[in-house]
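These notes concern the structure reproduced below.
The values are calculated or read from the model by the stated rules, or taken from the named source; none is laboratory data. All figures in this text were calculated on a predicted structure; none of them were measured in a lab. Counting neighbours? That spans all protein chains shown, and the Cβs are built from the backbone with ideal geometry, glycine included.
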Amino acid sequence: MQTGERMQTNEEAVETTISTLVEKARTAMDQIYDYSQEQVDELVQAVAWAIYKPGNAEALAQMAVQDTGLGNYADKVTKKKTENHGDAA
């Protein structure tokens, strides 16, 4: 670390992460602002199918356990598959 630099605190890192995610969300909202309900439904269904695909539910479950420290991997995989199955039908 160079003179005058300081390490970012955990709170600052969280604020930076949240700001970045909000900026990305606003950009995404702008891109779909004029979507019809049918287009929104199609988009949501595509997202649900992407999560439900083998491997994706597992990866999301692992990230959830790592990031939060809550729950267990096997239960989260089952939950992800169950939650999204109805949306993607």
### Extreme residue, modelled with the lowest pLDDT, among residues of the range 24-68 that are surrounded by 10 or more Cβ atoms within 10 Å (Cβ to Cβ) and of a type in the set (D, E)
E58
### Query
Which condition number in (1) modelled with pLDDT under 95; (2) over 29 Å from T78 (Cβ atoms); (3) surrounded by 10 or more Cβ atoms within 10 Å (Cβ to Cβ) is the one that N10 fails?
(3)
### Task
Could you please tell me which pairs satisfy a Cβ distance under 6 Å, a separation of 6+ or placement on different chains, a first residue in the range 38-51 that is within 18 Å of V77 (Cβ to Cβ), and a second residue that is of a type in the set (G, A, S) and surrounded by 12 or more Cβ atoms within 10 Å (Cβ to Cβ)?
A48/A88; W49/A88
